[in-house]
Amino acid sequence: MSLTNLFEKLGKFTEKNRKFVFIGFVVLILVAVYGAMGITMNSGMDTYIHKDSKMYQDLDKYNSMFSQEAVIVMIEGADVYDPAVLRATERFENLMRNVSGVDAVGSPASIIKATNEQVTGRGEIPSTTEEVKALVDLNPSMYEGLIFGNTHSLIAITYSANLSEGQKEDITIAARNAANFSVFPPGYNLIITGDAALNADMNEEMGLTMALLLLLALLLMVVGLGLVFRGVRWRLYPLIVVVFGLIYTFGMMGSLHINMTMVSIAAFPILIALGIDYAIQFHNRMEEELSKGKERGQALISTFKYTGPAVMTALFVTCVSFVSLLVSGIPMIQDFGMLLIIGCIGSYAAALFFGTVSLYYMDALSEKIRKKEEETGIKSPLSRFFPAVKSRNSAGGANGTDEANRSDIRNNIVTSTLNKIIDFTLPHKKTIFMMAIVTGALGFYADTTIPAETDFTTYMPQDMPALLDFYRMGSVMGGSDTINIMIQTQDISSPHVLKWMDEFGTYQTRNQDYVFGADSLASIVKEYNGGVIPDTSEEIRAIYDQIPQSVMDRYSYGNSLLLLNLDVGSAVMNLPMESVKTLIEIVQEDLMWHPMPPGTTATITGGMVPYTELLDSLLSGRVQQTMLGILLVFIALLLIYRNIYKALTPVLTIGLVIGWSGLVMYTFNIVYTPMTAVMGCIILGAGSEYSILLMERYYEEKGHGLPPTEAMRSAVTNTGIALTVSGITTIFGFLALTASAFGIISSFGLVTVINMMMVLLASFVVFPLLMLTLDGYKDKGFKQTFNDFKNSIYSMVKINKKTEMI
């Protein structure tokens, strides 16, 4: 059974059971709303590193054994040595120590108080600034990283890195409340920041951004539909169908526990753009069938029969192109791909069933109103909202209808423009091919020179309060990035292991420009033992007994794990990520060239390492994704059509657009991010549909007996109207992304808008010529095709040489 026959039967079933279909889709809305309640926001490390990867497991091991996250509170004012400020700091500490999940709270106030008790026997903050400074001068090194000049000091609230995002956010909220209750003197300001504060603000901003982008996308599409979707009834109705599709998507997203990330936010304007296309195709065909005088039921069945398979083929190819996103090395890109696939299927189902059936009932209501007006002679106010279809039957039967249709088409400005494009491009086929190929090749070359951006702070809204506080604190504190090396050994008191750690740390500090120091238990032992490491485990054990447990916990875990930290200052902030990656690779190579004691292994981990993995995914993974997407689309089309020419034509057309996309990004100095890295797959998914629908209509017209050129003209002028409407409306939808406060989304929106314009250009300029050429080759056979191709290349080269001579 052919796909057309299958959809014809499906159309008959839907027409017969239209009430149940309509009610069923409305009930699904309620189910989807309930499922959407399970959606959660996520901006953590697991959005760009797979939990089952060795890197994540090493990082998780490091976090659970050595790393503590912190809420940092910076106090700024005239004099942080003021006893009144220190007493307020002490009140803040006492409030935070009682907060669930907090491991420790440290500040200058607690150290000054403890020092005062040792010196004077009074465990309190001194009463004068001079006394405070005298206590600080007794051991200035204890206040390094806590006091910065006279105007800034810090409070560190540490907690386990394994706490949930909700628990971390609760600690941040508690810190803000404690700041209000601690009563600092007038003129002093408290800045509260840290990873938890950034993530909390990020999640809140993502929720607001998603709502605003959805609203803006819908409003822009109202404008788009109002401008170009003319000549049909209820031209804004496709938006309602799209909203239904989005609700189904939200429901599936919550039910499947797909996280909302800064990348998946952008999926919804994309889904609106794709969904509006599906809705317009069915809406346009339904109106076209009704305008021919067909009865509603037959119009619905014809829409299912002819438009259903074509749009489903485009849907299938679109989803296949998005499948390549599922193999990404970045989890949030995988979620993005899954969300797009689910959303496309939901939007298609909503357009096919809910859209057509609701149009059936709306047309029935408009017909009822029209008949009542004829009977009573009174115009109903409802006819403005439910106008009757403009039937052409009165124009002289079937022939009159066809003539009226052609007259309407000739008078349509969109169709007139498309006809002019066809008339212009056909005589200039070779020149257009050459220009398209050359610019596409230049784009692919330019793409190789585009850098990647992995600094997540650049993706965030730059006016976000927590980010401004983070930058402000960084300007006061300076950098404190480290490369962390976990050392697995049989005995942490082995003198051979400690001496190796000391030698390796010293070597890195002396030979690497961006390594400023190294600290570990080896350096602590040297401090306790006159600058040397003992030669026996017993001596080292004796020194360990003197070291505070908090220090031991910072550098060791049990009897088999040690930590070596390399201080790289502000490397992440000041160096390109390629340089950071190179630095880590050099340290990794040095580990290989400095043999460790037997039974000892070293693993580089810590917060810097995941960004280098992200860099690799952006630079190499995106190319693999795009190539895989092109291959999958080609295979899918080959399986569907069993014709290599039909499979090649859409792929070659969109392949050119992917090349042009690289040229656009290079021209506008747009770097690769997790969003722009998927641009090739987005172009494949959104753009291949246009070529497929044109190709389907082209072969449908050929089947009616039209010669190839006229069949293509008919395909472009008939399907082209709906494609132009959906294309322009899609562009309006993507335009909403450019308004996002997230740089990662706004740059993606700009590139996508330009790329969709180029998709339309390629669909109406390159595709018809390519389709006609390859379809002609198919009829000629391989040998004649090869000779024609050789002659075409020769002709194009000849034309190019003449141009150079001129």
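The values are calculated or read from the model by the stated rules, or taken from the named source; none is laboratory data. This structure is a prediction, so every number in the text was calculated from the model and none was measured. Cβ: placed from backbone, ideal geometry, glycine included. Neighbour counts: every protein chain shown. What goes into the accessible areas is simple: the full protein's heavy atoms, side chains included, and nothing from ligands, DNA or RNA. Shrake-Rupley method; radii C 1.70, N 1.55, O 1.52, S 1.80 Å.
Could you count how many residues in segment 681-696 are open to solvent by less than 30 Å² (accessible area, probe 1.4 Å) and either of a type in the set (D, E, K, R) or farther than 21 Å from Tyr645 by Cα (or both)? Explain how you work it out, then say what you get.
First, the residues of segment 681-696 that are open to solvent by less than 30 Å² (accessible area, probe 1.4 Å): 681-695.
When the remaining residues are screened for being either of a type in the set (D, E, K, R) or farther than 21 Å from Tyr645 by Cα (or both), the result is 681-682, 689.
Here the count works out to 3.
Which residues, counting only those in segment 31-54, are open to solvent by 50 Å² or more (accessible area, probe 1.4 Å), among the hydroxyl-bearing types (Ser, Thr, Tyr) and farther than 16 Å from Met206 by Cβ? Correct list: Tyr34 only. Based on what the data block shows, is Arg713 under 30 Å from Arg235 (Cα atoms), in a helix (DSSP H, G or I), among the basic types (Lys, Arg) and open to solvent by 40 Å² or more (accessible area, probe 1.4 Å)? Yes; evaluated as a whole, the condition is true for this residue. Which condition breaks for Gly479 when tested against (1) open to solvent by 10 Å² or more (accessible area, probe 1.4 Å); (2) assigned to a helix (DSSP H, G or I); (3) at pLDDT below 90? Among (1) open to solvent by 10 Å² or more (accessible area, probe 1.4 Å); (2) assigned to a helix (DSSP H, G or I); (3) at pLDDT below 90, Gly479 violates only (2). One residue alone among Gln334, Gln298, Gln281 is out of contact with any Asp or Glu (no Cβ under 6 Å at 6 or more places or on another chain), farther than 24 Å from Gly680 by Cβ, open to solvent by 30 Å² or more (accessible area, probe 1.4 Å) and among the polar types (S, T, N, Q), and that residue is Gln298.
Those residues that are assigned to a helix (DSSP H, G or I) and in contact with a Lys or Arg (Cβ under 9 Å, 6 or more places away or on another chain), I need them from segment 80-94; list them, please. Correct list: Leu86, Glu90.
Go through Asp513, Asp567 for me and flag whichever is assigned to a strand (DSSP E or B), open to solvent by 40 Å² or more (accessible area, probe 1.4 Å) and modelled with pLDDT under 90. Reasoning before the result, please.
On the way: Asp513 fails: assigned to a strand (DSSP E or B).
Unique residue meeting the criteria: Asp567.
Glu76 satisfies every condition listed in (1) touching a strand residue (DSSP E or B) at 6+ places or on another chain (Cβ under 8 Å); (2) closer than 26 Å to Thr193 by Cβ; (3) of a type outside the set (Val, Ile, Thr); (4) open to solvent by 50 Å² or more (accessible area, probe 1.4 Å) except (4).
Among the residues of segment 774-793, are any open to solvent by 10 Å² or more (accessible area, probe 1.4 Å) and modelled with pLDDT of 75 or more?
Residues of segment 774-793 that are open to solvent by 10 Å² or more (accessible area, probe 1.4 Å), as a first pass: 774, 776-793.
Keeping just the survivors that are modelled with pLDDT of 75 or more gives 774, 776.
Checked against the condition, which is being open to solvent by 10 Å² or more (accessible area, probe 1.4 Å) and modelled with pLDDT of 75 or more, segment 774-793 yields at least one hit.
Looking only at residues of segment 724-757 that are among the aliphatic types (A, V, I, L, M) and without any contact (Cβ under 8 Å) to a residue 60 or more places away in the chain, we find that the one that is least open to solvent (accessible area, probe 1.4 Å) is Val753. Among the criteria (1) modelled with pLDDT of 85 or more; (2) not in a helix (DSSP H, G or I), the one Ala741 does not fulfil is (1). Set side by side, the residues Lys168, Lys133 differ, and just one is open to solvent by 50 Å² or more (accessible area, probe 1.4 Å) and either in contact (Cβ under 8 Å) with a residue 12 or more places away in the chain or farther than 24 Å from Glu76 by Cα (or both), which is Lys133. Here Pro186 fulfils each of the conditions (1) under 18 Å from Arg91 (Cα atoms); (2) touching a helix residue (DSSP H, G or I) at 6+ places or on another chain (Cβ under 9 Å); (3) not in a helix (DSSP H, G or I) apart from (2).
Residue-by-condition table, conditions (1) at pLDDT 90 or above; (2) of a type outside the set (S, T, N, Q); (3) surrounded by fewer than 19 Cβ atoms within 10 Å (Cβ to Cβ):
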| site | (1), (2), (3) |
| --- | --- |
| Met473 | no, yes, no |
| Ser493 | yes, no, no |
| Leu498 | yes, yes, no |
| Met501 | yes, yes, no |
| Thr509 | yes, no, yes |
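Of all the numbered requirements in (1) over 26 Å from Thr738 (Cα atoms); (2) not in a helix (DSSP H, G or I), Ile258 misses one, and that requirement is (1). What number of residues within segment 366-407 are at pLDDT 80 or above, of a type in the set (S, T, N, Q) and part of a loop (DSSP other than H, G, I, E, B)? Number of matching residues: 1.
Of the helices (runs of 4 or more DSSP H) lying entirely inside segment 1-79, those containing at least 3 residues that are more than 30 Å from Gly329 (Cα to Cα) are 3-16, 18-36. Would you check if there is a residue in segment 627-635 being β-branched (Val, Ile, Thr), modelled with pLDDT under 90 and over 30 Å from Tyr62 (Cα atoms)? Looking through segment 627-635, at least one residue is β-branched (Val, Ile, Thr), modelled with pLDDT under 90 and over 30 Å from Tyr62 (Cα atoms).
Please enumerate the residues belonging to segment 693-722 that are modelled with pLDDT under 80 and of a type in the set (A, V, I, L, M). Break it down stepwise before answering.
Our first condition is that a residue be modelled with pLDDT under 80; within segment 693-722, this holds for 718-722.
Ile721, Ala722, listed by residue number.
Per-residue answers, yes or no, for (1) open to solvent by 10 Å² or more (accessible area, probe 1.4 Å); (2) closer than 30 Å to Leu583 by Cβ; (3) of a type in the set (Asp, Glu):
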site	(1), (2), (3)
Gly629	no, no, no
Tyr645	yes, no, no
Leu656	yes, no, no
Trp660	yes, no, no
Leu663	yes, no, no
Pro674	no, yes, no
Met679	no, yes, no
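Note on segment 516-558: residues that are farther than 23 Å from Ser67 by Cβ, open to solvent by 90 Å² or more (accessible area, probe 1.4 Å) and in a loop (DSSP other than H, G, I, E, B) total 1.
Which of the residues spanning segment 192-226 are without any contact (Cβ under 8 Å) to a residue 12 or more places away in the chain and either closer than 21 Å to Val71 by Cα or basic (Lys, Arg) (or both)? Once the filter is applied, which keeps residues that are without any contact (Cβ under 8 Å) to a residue 12 or more places away in the chain and either closer than 21 Å to Val71 by Cα or basic (Lys, Arg) (or both), segment 192-226 yields only Glu204.
All of Thr425, Thr415 fail the test of being at pLDDT below 85 and either touching a Leu at 6+ places or on another chain (Cβ under 9 Å) or hydroxyl-bearing (Ser, Thr, Tyr) (or both), apart from Thr415. Considering each residue of segment 13-26 in turn, at least one proves to be without any contact (Cβ under 8 Å) to a residue 12 or more places away in the chain, over 30 Å from Val132 (Cβ atoms), over 35 Å from the mean Cα position of the chain (by Cα) and open to solvent by less than 60 Å² (accessible area, probe 1.4 Å). Residues in segment 84-101 that are open to solvent by less than 10 Å² (accessible area, probe 1.4 Å) and either of a type in the set (Val, Ile, Thr) or touching a Gly at 6+ places or on another chain (Cβ under 9 Å) (or both): Val85, Thr89, Glu93.
Applying the selection to segment 319-340, what residues are of a type outside the set (A, V, I, L, M, F, W, C) and part of a helix (DSSP H, G or I)?
The first filter runs over segment 319-340 and keeps only residues of a type outside the set (A, V, I, L, M, F, W, C), leaving 321, 324, 328-329, 331, 334-335, 337.
Of everything in segment 319-340, those that are of a type outside the set (A, V, I, L, M, F, W, C) and part of a helix (DSSP H, G or I) turn out to be Ser321, Ser324, Pro331, Gln334, Asp335, Gly337.
In segment 229-241 there is at least one residue that is over 21 Å from Ser740 (Cβ atoms), at pLDDT below 75 and of a type in the set (Lys, Arg).
Annotation: of all residues in segment 351-369 being among the small types (Gly, Ala, Ser) and more than 15 Å from Pro387 (Cβ to Cβ), the one that is surrounded by the fewest Cβ atoms within 10 Å (Cβ to Cβ) is Ser358. Looking at segment 675-694, is at least one residue out of contact with any Lys or Arg (no Cβ under 9 Å at 6 or more places or on another chain) and more than 19 Å from Ala273 (Cβ to Cβ)? No, the conditions are met nowhere in segment 675-694.
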